[in-house]
1. Looking at region 220-260 only, could you name the residues that are charged (D, E, K, R) and within 13 Å of the ligand (Cβ to nearest atom)?
2. Name the pairs whose Cβ atoms lie under 8 Å apart, with the first residue in region 150-161 and under 20 Å from F174 (Cβ atoms), the second open to solvent by 10 Å² or more (accessible area, probe 1.4 Å) and more than 13 Å from the ligand (Cβ to nearest atom), and 6 or more positions between them or separate chains?
3. Being out of contact with any Leu (no Cβ under 7 Å at 6 or more places or on another chain) and among the small types (G, A, S) is the filter; apply it to region 213-252 and report the residue that is farthest from M39 (Cα to Cα).
4. Of (1) more than 16 Å from the ligand (Cβ to nearest atom); (2) part of a strand (DSSP E or B), S122 satisfies all except one. Which?
5. Out of P36, P30, P74, which single residue is under 26 Å from G182 (Cβ atoms) and at pLDDT below 95?
6. Hand me the list of helices (runs of 4 or more DSSP H) wholly inside region 32-100 holding 3 or more residues that are small (G, A, S) and more than 16 Å from the ligand (Cβ to nearest atom).
7. Consider S109 against the criteria (1) crowded, with 23+ Cβ neighbours inside 10 Å; (2) more than 13 Å from the ligand (Cβ to nearest atom); (3) closer than 15 Å to F245 by Cβ: it satisfies all of them except one. Which criterion is unmet?
8. Which condition number does R140 fail, the rest of (1) closer than 24 Å to L5 by Cβ; (2) more than 16 Å from the ligand (Cβ to nearest atom); (3) of a type outside the set (D, E); (4) in the same structural domain as T237 (by TED's automatic domain parsing) being met?
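The values are calculated or read from the model by the stated rules, or taken from the named source; none is laboratory data. Bear in mind that the values here come from a model prediction, so they are computed numbers and not experimental data. Ideal geometry is used to build each Cβ from the backbone, glycine not excepted, and the neighbour counts take in all protein chains shown. Please note that ligands, DNA and RNA were not included when accessible areas were found on the heavy atoms of the full protein model with its side chains. Shrake-Rupley method; radii C 1.70, N 1.55, O 1.52, S 1.80 Å.
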Amino acid sequence: MSFRLANVHGRAALVDGDHYHDIAATSTAPERTIGPDPMDAIAHCAALHELAGRLGDLEPTGALADVTLGPPVPRPRNSFGIGLNYRAHAEESGRDLPPNPVVFAKYPSCIAGPTAEVELRSNAADYEAELVVVIGTAGRDIAAADAWDHVAGVTCGQDISDRKVQFAAEPPHFGLGKSRDGYGPIGPVLVSPDALADRDALAITCDVNGERRQDGNTSDLIFDVPALIEYISGILTLAPGDLIFTGTPEGVGAAQGKFLTPGDVITTTIDGVGTMTNTCR
Ligand code: ZN
């Protein structure tokens, strides 16, 4: 059974419609006890699938409308970003198509919740709507054909980028430019891949103050999810909770001279996954 995992006040919860079930309070049988930490839940995907199938028989803990969700993956061990991974975005950035994935560190300290405010620290902060992949099963040298078996689920992400910082050095330091505090909001929930009609073709949009800025589809990824997992795991071991921000489609502010300003509302939607709303201040 597919599942939707949320972080409710730091505790792992499974979402069922408008309600949520606190996992640690629900999974009482010793053989399937999952701790309250969302990081622990992500490392026990099989148990989440099993528990999700029984939610209909259980009393929910509360209503989603009454809580503020945190990032579904609050403390990833590693977090990767992929640059120039959509053809049209590479073109608008004035760069050639990369022969291999362009991988940078999106430092885990930047991870924030799906309604977290984005603190602008320069006049060159930019949005980047992205599909974020969450590893569920550790592995090294994972073949592309097996890659989805290592994925706990996917979620929406914003690879908020301070272009001033990013291009303050040459070669650019992507890692720092995309890792200011709070510049990695993710959510609202982690959705297991089997919940998606086509996990390799997900519509993704980004609106700023209701204006559509990005309108893409993950079927246009130059290096798709299996290719990224094969490439990165060929270099280092991927572990449960590790994140991959898979790259952004065309329409970023830098290409249009439209940077984020205080009060801007960034709305990120991935079909079948959910919508995340972050306000700039
Ligand atoms: Zn990006």
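1. If the condition is that a residue be charged (D, E, K, R) and within 13 Å of the ligand (Cβ to nearest atom), then E250 is the only one that fits.
2. Taking only residues 6 or more apart or on different chains, the pairs are I160/R180; I160/G182.
3. Checking each candidate, the answer is G251.
4. So the condition that S122 fails would be (2).
5. Answer to the selection: P36.
6. The qualifying helices (runs of 4 or more DSSP H) are 45-52.
7. S109 satisfies every listed condition except (1).
8. Every listed condition holds for R140 apart from (1).
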